[in-house]
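These notes concern the structure reproduced below.
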Amino acid sequence: MKRRFGEVLAQVSPFEIPLIERRLVVEGIPIDDVLKLCNLHVELFREYLTGRELSGVPKGHPVDLFIRENGWILKQSEVLGLYSSVLAEARDAEEGLKRLQELLSVASGLRASLRGHYRKIQMLAFPYLERRGIAAVPRVLWSREDQIIVKLRRFFEEAEKLRESASVERIRRLRELGVEIAREV
């Protein structure tokens, strides 16, 4: 089954996967079941990328920590995108508030993980690169990281506005911002 799914998945663009996941949720598949599929396709992509990954990094080395944290953050950002994309599909106000709470919980966890991860990279990896004359990459990455943190701050501001006064426009803005953050992470 894994081999067959891998063959099918190889024909699907990574950008199409969130659209497929969203459609599954809209059609009534529980989010928990869709998240299990997320783990499967992440595993299949990991197998595809195995030959391109760093090898021989000792367990506990800072680069090993960066790699493991990055994997966790990628999964959490995918979950953020999924929850964001189905926010407006609630059948009533109670379900909408429940989805908003789940979304905020995921976003809070992602924000905490990102802050710690970005700080470690900025304080440990970037100076190492800059001492070796590689300055452009850290500057660009630092800028991108700052942009994501700013968007996350805006995401929480929009969520607070939505809590105060729900509207279709506010739901749409929050959904778009969550999906955008997930894509950029």
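The values are calculated or read from the model by the stated rules, or taken from the named source; none is laboratory data. These figures come from a predicted structure and were not determined experimentally. Reconstructed Cβ throughout: ideal geometry from the backbone, glycine too, with neighbour counts over all protein chains shown.
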Q) Among the residues of the stretch 97-106, is there at least one that is closer than 28 Å to residue 62 by Cβ and either crowded, with 19+ Cβ neighbours inside 10 Å or β-branched (Val, Ile, Thr) (or both)? A) yes
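Does residue 168 satisfy the condition of being more than 19 Å from residue 66 (Cα to Cα), β-branched (Val, Ile, Thr) and surrounded by fewer than 15 Cβ atoms within 10 Å (Cβ to Cβ)? Outline the logic, then answer.
Values: more than 19 Å from residue 66 (Cα to Cα): yes; β-branched (Val, Ile, Thr): yes; surrounded by fewer than 15 Cβ atoms within 10 Å (Cβ to Cβ): yes.
So residue 168 passes the test.
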Q. Pairs, please: C-beta under 8 Å, at least 6 apart or cross-chain, first residue in contact (Cβ under 8 Å) with a residue 12 or more places away in the chain and in the stretch 145-173, second aromatic (Phe, Trp, Tyr) and surrounded by 15 or more Cβ atoms within 10 Å (Cβ to Cβ)?
A. 145/118; 149/118
Q. Is there a residue in the stretch 124-131 that is in contact (Cβ under 8 Å) with a residue 40 or more places away in the chain, of a type outside the set (Asp, Glu) and surrounded by fewer than 19 Cβ atoms within 10 Å (Cβ to Cβ)?
A. yes
Q: Quickly run through the stretch 75-94 and pick out the residues that are in a helix (DSSP H, G or I) and either loosely packed, with under 12 Cβ neighbours inside 10 Å or touching a Pro at 6+ places or on another chain (Cβ under 6 Å) (or both).
A: 81, 93, 94
Q: Within the stretch 108-146, track down each residue that is over 21 Å from residue 84 (Cβ atoms) and among the polar types (S, T, N, Q).
A: 122, 143
Q: Could you please let me know if residue 182 is touching a Leu at 6+ places or on another chain (Cβ under 9 Å), touching a residue at least 12 places away in the same chain (Cβ under 8 Å) and not in a helix (DSSP H, G or I)?
A: no
Q.
For the condition part of a helix (DSSP H, G or I) and either among the charged types (D, E, K, R) or closer than 24 Å to residue 23 by Cβ (or both), what is the one hit in 114, 97, 141, 152?
A. 97
Q. Among the candidates 35, 80, which residue alone is closer than 22 Å to residue 177 by Cβ and either at pLDDT 85 or above or of a type in the set (Asp, Glu) (or both)?
A. 80
